[in-house]
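Notes to accompany the following structure.
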Amino acid sequence: MKYLLKNGTVISGAGTRKQDVLVEGEKIIKVGEELSQPDAKVVDVSGKLLFPGFIDGHTHFDLEVAGTVTADDFETGTRAAILGGTTLVIDFASQDKGGHTLKEGLEKWHKKADGKCSCDYSFHMSIVEWNEETKKEIQDMINEGITSFKLYMTYPAMIVDDEDLYKIIKALNEKGCFAGVHCENAGVIDALIQEAKAQGKLGPENHPLVRPDTMEAEAVHRLLVIAKEAGAPVMVVHLTNRKAYEEIIRARENGQSVFAETCPQYLLLDDSVYSKPDFEGAKYVCAPPIRKKADQDCLWKALADGDIQTVATDQCSFTLAQKAMGKADFTKIPGGLPGVQTRGTLLYTYGVRTGKITVEKMCQLLCENPAKLYGVYPNKGVIAEGSDADIVVFDPEKENVISAETHAYNTDNNPYEGFEIHGDIDKVFLRGKLAVDDGKLVQEKLGTYIKRGLRQPLARTCTEKAFCKMCATICGRFYPNSVAVARVFLKVNIV
Ligand code: DUC
Ligand code: ZN
């Protein structure tokens, strides 16, 4: 099948251009002006923005959490994903503790996902136990297309201690791989939970109090000190707050290569949600918790300045009945929120429309940067000749209201209930096939497993706002109104 998308505005991390896009089979075969192709089906996309398919580098489908399993599995979850313009999700396969291998973990996740997905999918691998056998398996994982890993500094079933953290990130770096790390100080959080319970504090409003920003920042600091010693790059996943952010900046200024991811819940919600009446706060229980308004402001600025490289979702959904498992004790509330369907529309409405970030930045955060970090660029992450025809036709004028009544998740609650969006998904092409048309799913289960390569360098992170003469000599782009900021120079080299 050939499609000719006429008169759209093609978005990339570097700019926007009015261009036509010709698709044949699974690939984009031409991008240019005034294209014609008599045997192609012409789709008029005037007035629409064409983004590369969004990539969500952080989802949990069909995951056991706190004695239950996420409401969304790979079938319902990837349906929601593609409806939201996400054409590739990278979920977390996991090794089990107790002498199990990475290979067993990978097989388990393939069984959960294969044949069920409506968008393309890939896996990171969570390492929860480290020994010589695990070390040997890193190459096996690379052969299977897994080049990014996950480590937890919290959760008894997943936690690795500092010794293993050091050994693992060093061994990964030797193979050109890296880990995303869940940073929270497990020990102090346990102590705070014991104190809260002893005082009879058992409601969801206590959740953010026992997992404070300082304990995330401490773990980020410790991780980065360990990474420095190991000489290895790392990624801080679901970054939530200013204190932790400052640890990342400090490490970068110290010459370290550190990547950062945040999620819409940390940009758009604040910790007052935990005090909603009638146990509604349970809906928002996730780890790390949602923080303060001032932290949101810090994260938005960090996105604009290029200090955070990607916005993923940490999609991990539960029904209200599942959340009610923690009615008498907030620590038993399964942690996680849905988000994979609304990441792009929320970022556009509350980021691009409000002027907090540019549309090019949105493309970097959702498409280009995750594609490069996770080794699928330029097959994915860009609208260019030879790339996979993963294309989001985005209608910047379409308005909608987010609601659990209409969302595609297998849940009866949505953390963004009532949020208005201005800009919505019109069509989504997945490797040349029309999967979503007029906002509706028209073909499902088209997704395939994507083997990934090694991380590629990110584009330099200069923006017109933060750009300096020194940088211009390196990357060749000079914005006359900008000021010289030494930190930008460092950032350009290090991220
Ligand atoms: N945090 C959550 O809230 N849920 C899933 C995993 C995670 O890190
Ligand atoms: Zn997660």
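The values are calculated or read from the model by the stated rules, or taken from the named source; none is laboratory data. Remember, it's a predicted structure, so these values are computed and weren't measured experimentally. Cβ placement follows ideal geometry from the backbone for every residue including glycine, while neighbour counts extend to all protein chains displayed. The area values use the complete protein model at the heavy-atom level, side chains included, leaving out ligands, DNA and RNA. Shrake-Rupley method; radii C 1.70, N 1.55, O 1.52, S 1.80 Å.
The residue that is farthest from the chain's Cα centre (by Cα), among those in the range 283-302 that are under 9 Å from residue 240 (Cα atoms) and of a type in the set (A, V, I, L, M), is 290.
Within the range 131-167, which residues are part of a helix (DSSP H, G or I) and β-branched (Val, Ile, Thr)? Those that are part of a helix (DSSP H, G or I) and β-branched (Val, Ile, Thr): 134, 138, 142. Being in a loop (DSSP other than H, G, I, E, B) and out of contact with any strand residue (DSSP E or B) (no Cβ under 9 Å at 6 or more places or on another chain) holds for only one residue in 447, 453, and it is 453.
Output the residue which, of all residues in the range 353-399 that are without any contact (Cβ under 8 Å) to a residue 12 or more places away in the chain and farther than 16 Å from residue 120 by Cβ, is least open to solvent (accessible area, probe 1.4 Å). Looking at the filtered set, the residue picked out is 355. Cβ-Cβ distances below 7 Å connect the following pairs, each with a first residue in the range 49-73 that is at pLDDT 95 or above and in a strand (DSSP E or B), a second residue that is among the acidic types (Asp, Glu) and more than 11 Å from ligand 1 (Cβ to nearest atom), and a separation of six or more residues or different chains: 52/390; 57/261; 58/261; 59/91; 69/62. Does the range 57-76 contain at least one residue that is among the small types (Gly, Ala, Ser), over 15 Å from the mean Cα position of the chain (by Cα), more than 16 Å from ligand 1 (Cβ to nearest atom) and more than 18 Å from residue 155 (Cα to Cα)? No; the residues of the range 57-76 include none that is among the small types (Gly, Ala, Ser), over 15 Å from the mean Cα position of the chain (by Cα), more than 16 Å from ligand 1 (Cβ to nearest atom) and more than 18 Å from residue 155 (Cα to Cα).
Within the range 288-300, the set of residues being open to solvent by 10 Å² or more (accessible area, probe 1.4 Å) and in contact (Cβ under 8 Å) with a residue 12 or more places away in the chain comprises 291, 292, 293, 294, 295, 296, 298, 300.
Scanning the range 74-92 for residues that are open to solvent by less than 10 Å² (accessible area, probe 1.4 Å), outside any strand (DSSP E or B) and not small (Gly, Ala, Ser) turns up 74, 78, 82.
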